[in-house]
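Enquirer: Quick one: the structure is below, questions incoming.
Every number in this text was worked out from the coordinates using simple rules, so none of it is lab data. Since we're looking at a predicted model, the values are computed, not measured. Please note: Cβ atoms are built from the backbone with ideal geometry, for glycine as well, and neighbour counts cover all protein chains shown.
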Amino acid sequence: MQVLAQDADLGQNSEILYVIEPPSEKFWVNASSGEIYTKQPLMLNNSDLEIYQFIVFVFDGGSSPLYSNATVTVRLEPYNYHPPMFLTLKPLIALPYDLAVGTEVVQITAIDQDVHNNSGGIEYVLNGGNASDFFLIHADNGKLMLKQSIAASVNSFFTLVVMAKDQGFPSLSSQIEMSFEVTDINQFSPSFREPYVTFSTPEDLSVGSVIGKIQAEDRDYGSNGAIMYGITQENLYLPFSIGETSGLLTLIRELDFEKEGVYYLQIKAMDGGWVSKTGMVNVTVVVTDVNDNPPVFSSSEYIISLPENSDIGSNVFDIKATDADSGVNAQIVYSLIAGHVDKFLIDSRSGTITTLVVFDYEQEQNFDLTIKATNIGGLTLFSLSYFVIQISDVNEFKPIFSKKELNFSVFKNVPAGTVIGKITATDDDQGPEGQVFYLMFGQKKYMGFEINKISGEIFTTRSLRSQGNSHTDFKVLAKNPGVITGTNVDETLVRVTVIDINEAPVFTSVLYVANMSEDSPIGTSVITVSALDEDSILDWNRFFFNIENGNTNSSFAVNPSSGVVSIISLLDRELWSHYNLTLTATDNGSPPATGTTNVIINVNDVNDNAPKLTFNEAHVKENQPQGTVVARLNASDSDLVPNQGPFTYLLVNPSTDSAFSLTSDGVLVTTRTFDREQISLYQVLVAVMDSGIPQQSSTEIIYKCQRSLFYSKETTC
């Protein structure tokens with residue numbers, strides 16, 4: 001590309017300089033010639049075109065340069081790499097001699113791999129051959145039309161060259177040469193000698209192999225008699241193809257007799273006439289079996305149980321294998337190839353396994369075999385299976401007790417669940433048949449005992465206190481698993497002696513609680529405790545009571561026989577508000593046994609304490625006005641509510657000229673103005689009363705000290 005400018009001046013004033021301003025990243029201009037060049041390769045980015053614009057300024061060479069400018073637009077278009085390509089046409093097109101002028105002979109189509117505008121608008125033109133006078137072609141769609149009659153050219157051959165040209169830059173083109181035959185009338189259809197054809201092929205035929213040849217005949221001549229073969233549309237999924245001109249039926253996918261043994265298809269034969277005629281034949285392909293599948297066991301491993309002492313020849317198992325093949329290829333022979341083959345036999349045809357020896361569970365329990373299943377086809381195939389025979393125990397022996405009578409003893413005070421002993425029976429059988437279970441039976445079963453059916457441990461089910469110095473007899477049965485038959489059991493007699501012991505008395509309550517007033521007199525009964533002793537021996541169930549612990553200040557005593565707890569010294573709640581006595585009941589057994597209980601005695605308050613002032617000295621400055629508050633009195637009381645406050649305060653023996661007054665709630669105020677130089681200390685007698693019933697009170701002297709208006713903190717009265 002080049003931009004050009006002219007200047008009407010002469011000399012230096014007419015010299016021209018070209019500049020791109022502002023500078024472009026993509027283009028540069030030759031300053032003297034105005035030729036424009038690219039700085040880098042330019043690429044299209046997924047669009048039909050790309051546009052660049054920039055401004056070129058031109059300056060003259062005068063002392064005061066003059067200039068002009070022009071906007072340059074560069075449109076980037078894709079490069080045309082590929083020429084059009086023709087779609088495949090028939091190598092020879094037959095035209096009947098009586099074909100009407102203007103008839104469309106064939107649609108010629110070309111495609112272009114280029115994108116964007118390079119592939120658009122392919123143009124078709126005739127470009128040679130000896131038939132150009134007979135045909136014309138539409139430039140835009142490629143339809144070839146008959147231009148003049150060909151009736152005088154029967155059995156003649158023509159050629160025609162068609163060119164397809166795209167609209168790209170640079171423009172590219174390609175050509176195709178077409179052949180035509182002018183034929184007579186197409187009178188006959190292709191025909192087959194037989195309406196049905198059958199082929200046979202083994203299932204292991206290699207892909208690409210020819211299965212057979214299909215052949216049809218057509219009595220026409222030339223293209224009208226030329227035959228092409230094809231498989232009908234509905235049979236295209238089958239694993240066959242046919243040669244279009246050869247008629248050879250070829251295998252295109254592997255066969256499998258076990259999936260499909262016969263295929264049915266239709267093959268058509270078409271002649272090459274302008275209006276093609278067709279013949280059909282039905283083809284059957286029979287697939288024959290080959291030995292391509294090994295026998296298959298239903299399991300790779302079998303585990304079978306066989307009772308011990310089974311007779312020789314006893315049936316162990318009927319093993320079966322299957323073969324997907326057919327006929328002789330599916331016949332199976334069984335054999336033992338490893339393991340304990342000396343102890344078992346297998347029928348080679350049926351697969352039945354039988355014993356050769358008698359087995360004893362107590363000697364050996366597990367045996368194994370490896371079984372081979374072989375088919376007898378031309379190509380011998382086989383499979384293996386692992387077989388485990390587990391000998392099961394037969395109950396040959398019954399349980400046996402070592403002793404027919406067993407003696408145990410137990411103290412009567414043991415808790416429920418206590419094990420008192422264990423019995424054992426033995427069985428010479430092994431495994432489950434040698435397992436022993438224990439059962440109690442007889443009238444004594446419900447006398448407080450039971451047996452663990454597996455371990456044989458005998459244990460108590462309840463308290464035995466009522467059975468002191470007694471005997472309990474019961475029988476225990478030893479049996480194997482399953483139903484008792486009478487021959488698989490043994491029994492023994494169990495005698496249990498319950499030993500009496502001296503048991504401690506038991507209080508009727510684990511805790512007693514009593515409430516007593518602190519002013520209760522000596523001798524007052526507080527509470528009565530009681531206990532029981534279940535010993536059957538008379539001397540053992542006699543007992544006496546005693547206070548063992550917690551009797552602070554020896555305030556209480558208990559009657560050893562009756563259990564009456566009474567006061568033996570005065571109570572004072574302010575010293576001891578409650579007592580936690582530990583009482584015992586000790587019997588006369590040998591050795592003596594003792595039971596204990598606790599007695600909680602709560603001491604209730606009475607109004608037996610007078611309130612006391614919390615302070616008895618106050619200060620007031622001299623010259624203070626009448627009504628000055630001197631102090632707010634407070635009191636304390638050792639009693640409990642309601643025997644405490646609110647407290648009531650009053651002056652004791654107040655005179656009419658008293659210097660102070662006192663409110664009932666304890667506010668002490670002046671009734672005059674004081675002069676310390678005259679009197680520096682007053683004594684005030686105050687009474688304080690509580691709210692209890694009966695009401696308690698006390699009196700105290702309060703010292704009132706006057707201080708000068710100007711006194712130091714160390715000043716005292």
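Enquirer: For residue 612, list the aspartates and glutamates whose Cα falls under 17 Å from its own Cα; do not include residues on the same chain fewer than 8 positions away.
Expert: Result set, ordered by chain and number: 574, 637, 639, 665, 690, 700.
Enquirer: Only bridges with both residues in the chain count here: give the DSSP antiparallel percent, nearest 5. Walk me through the numbers on the way to the answer.
Expert: On the way: 153 of 190 bridges.
Here the antiparallel bridges make up roughly 80 percent for the chain.
Enquirer: Name the shape class, rounded, prolate or oblate, that the alpha-carbon gyration tensor gives for the chain, where a ≥ b ≥ c are the square roots of its eigenvalues, rounded holds for a/c under 1.5, and otherwise prolate holds if a/b is larger than b/c and oblate otherwise.
Expert: Working: a/c = 5.97, a/b = 1.59, b/c = 3.75.
The shape class here is oblate.
Enquirer: Considering only segment 506-604, what is the antiparallel percent among its DSSP beta bridges, to the nearest 5?
Expert: Numbers: 23 of 30 bridges.
Expressed as a percentage, antiparallel bridges in segment 506-604 total about 75.
Enquirer: Sort 688, 290, 316 so that the residue with the fewest other Cβ atoms within 10 Å of its own Cβ comes first and the one with the most comes last. Spell out each step's value before the answer.
Expert: Numbers: 688 24, 290 17, 316 20.
Going from least to most buried by this count: 290, 316, 688.
Enquirer: Obtain the nm distance between the two label points defined at residue 634 and residue 320 by a simple spin-label model: each point lies 7 Å from its Cα along the Cα-to-C-beta direction.
Expert: So the two model labels end up 10.7 nm from each other.
Enquirer: Spin-label point model (7 Å from Cα, Cβ direction): what's the residue 111 to residue 542 distance in nm?
Expert: Each label point is offset 7 Å from its Cα along the Cβ direction, giving 12.8 nm.
Enquirer: Let me ask something else about it. If you place +1 on the Cβ of every Lys and Arg and -1 on the Cβ of every Asp and Glu, how big does the dipole about the Cα centre of the chain come out, in debye to the nearest 20?
Expert: Details: 41 positive and 85 negative charges, 397 e Å.
Computed charge dipole of the chain: roughly 1900 debye.
Enquirer: Given the pairs 343/479; 90/259; 143/277; 165/277; 320/398, which span a C-alpha to C-alpha distance of over 29 angstrom in this model? Kindly include the intermediate steps, with their values, before the conclusion.
Expert: Numbers: 343/479 34 Å; 90/259 39 Å; 143/277 24 Å; 165/277 36 Å; 320/398 40 Å.
Result: 343/479; 90/259; 165/277; 320/398 exceed 29 Å.
Enquirer: On to the next question. By count of other Cβ within 10 Å, fewest leading, how are 52, 649 ordered?
Expert: Working: 52 15, 649 21.
Sorted ascending by nearby Cβ count, the order is 52, 649.
Enquirer: Distance from a point 7 Å along Cα→Cβ of residue 38 to each backbone N in segment 1-28: keep the residues under 20 Å and list them by number.
Expert: 1-3, 20, 23-28
Enquirer: Next question, about the same structure. Could you give the length gained on full extension between residue 388 and residue 619, defined as 0.36 nm per residue of separation minus the Cα-Cα distance, in nm?
Expert: Working: separation 231, 0.36 × 231 = 83.16 nm, distance 11.43 nm.
Fully extending the segment from residue 388 to residue 619 adds 71.7 nm.
Enquirer: Would you work out which of 283, 648, 434 lies farthest towards the positive end of the dipole of the chain, given +1 charges on the beta-carbon of Lys and Arg and -1 on that of Asp and Glu, about the Cα centre?
Expert: 648
Enquirer: May I ask you to compute the full-extension gain from residue 136 to residue 250, defined as 0.36 nm times their residue separation minus their alpha-carbon distance, rounded to one decimal in nm?
Expert: Details: separation 114, 0.36 × 114 = 41.04 nm, distance 4.16 nm.
Using 0.36 nm per residue and subtracting the Cα-Cα distance, I get 36.9 nm.
Enquirer: Each residue of segment 191-203 in order: what ³J(HN,Hα) in whole Hz does its phi give by Karplus 6.51 cos²θ - 1.76 cosθ + 1.60, θ = phi - 60°, with x for Gly and Pro?
Expert: Each residue of segment 191-203 in turn: 9, 10, 5, 10, x, 10, 10, 10, 10, 10, 8, x, 5 Hz.
Enquirer: Of the listed peptides 540-548, 33-41, what is their order by residue-averaged count of other C-beta atoms within 10 Å, with the highest listed first? Intermediate values should be presented prior to the final figure.
Expert: Working: 540-548: 18.1, 33-41: 12.3.
Most protected by this proxy first, the peptides run 540-548, 33-41.
Enquirer: Calculate the length of the line joining the C-alpha centroid of segment 61-80 to that of segment 185-213, in whole Å.
Expert: One Cα centre to the other: 75 Å.
Enquirer: Oh, and also: For residue 701 and residue 672, what does the FRET efficiency come to when R0 = 22 Å and r is the distance between their Cβ atoms, rounded to the nearest 0.05? Mind showing how you got there, number by number?
Expert: Numbers: r = 20 Å, r/R0 = 0.91.
In this case the efficiency is close to 0.65.
Enquirer: Now, a different point. Per residue of segment 569-579, what does 6.51 cos²θ - 1.76 cosθ + 1.60 with θ = phi - 60° give for ³J(HN,Hα)? Whole Hz please, x for Gly and Pro, Karplus curve as stated.
Expert: Coupling constants for segment 569-579: 8, 4, 9, 9, 4, 5, 9, 9, 7, 7, 10 Hz.
Enquirer: Label points 7 Å out from Cα along the Cβ direction at residue 400 and residue 493: separation in nm?
Expert: 2.2
Enquirer: A further question follows. Which whole-Hz couplings ³J(HN,Hα) result when phi for each residue of segment 644-651 is put into the Karplus expression 6.51 cos²θ - 1.76 cosθ + 1.60, θ = phi - 60°, listed in order with x for Gly and Pro?
Expert: Along segment 644-651, the couplings run 9, x, x, 8, 10, 10, 7, 7 Hz.
Enquirer: Would you mind putting 340-348, 497-505 in packing order, based on average other-beta-carbon counts within 10 Å, highest first? Don't skip to the end; give the middle numbers.
Expert: On the way: 340-348: 15.0, 497-505: 18.9.
Going by the mean number of other Cβ atoms within 10 Å, highest first, we get 497-505, 340-348.
Enquirer: Related question: Place +1 on the Cβ of every Lys and Arg and -1 on the Cβ of every Asp and Glu in the chain, take the dipole about the Cα centre, and give the residue among 121, 153, 164 whose Cα lies farthest towards its positive end.
Expert: Selected residue: 121.
Enquirer: In debye, nearest 20: dipole of segment 506-604 around its Cα centre with unit charges on the Cβ of K, R (+) and D, E (-)? Before the final figure, lay out the partial values.
Expert: Values: 2 positive and 10 negative charges, 19 e Å.
That gives segment 506-604 a dipole magnitude of about 80 debye.
Enquirer: Mind sorting 75, 465, 632 by how few other Cβ atoms lie within 10 Å of their own Cβ, fewest first?
Expert: On the way: 75 9, 465 16, 632 12.
Ascending number of Cβ neighbours within 10 Å: 75, 632, 465.
Enquirer: Setting aside same-chain residues fewer than 8 positions from residue 26, which lysines have a Cα under 30 Å from its Cα?
Expert: Answer for residue 26, where 30 Å is the Cα cut-off: 39, listed by chain and number.
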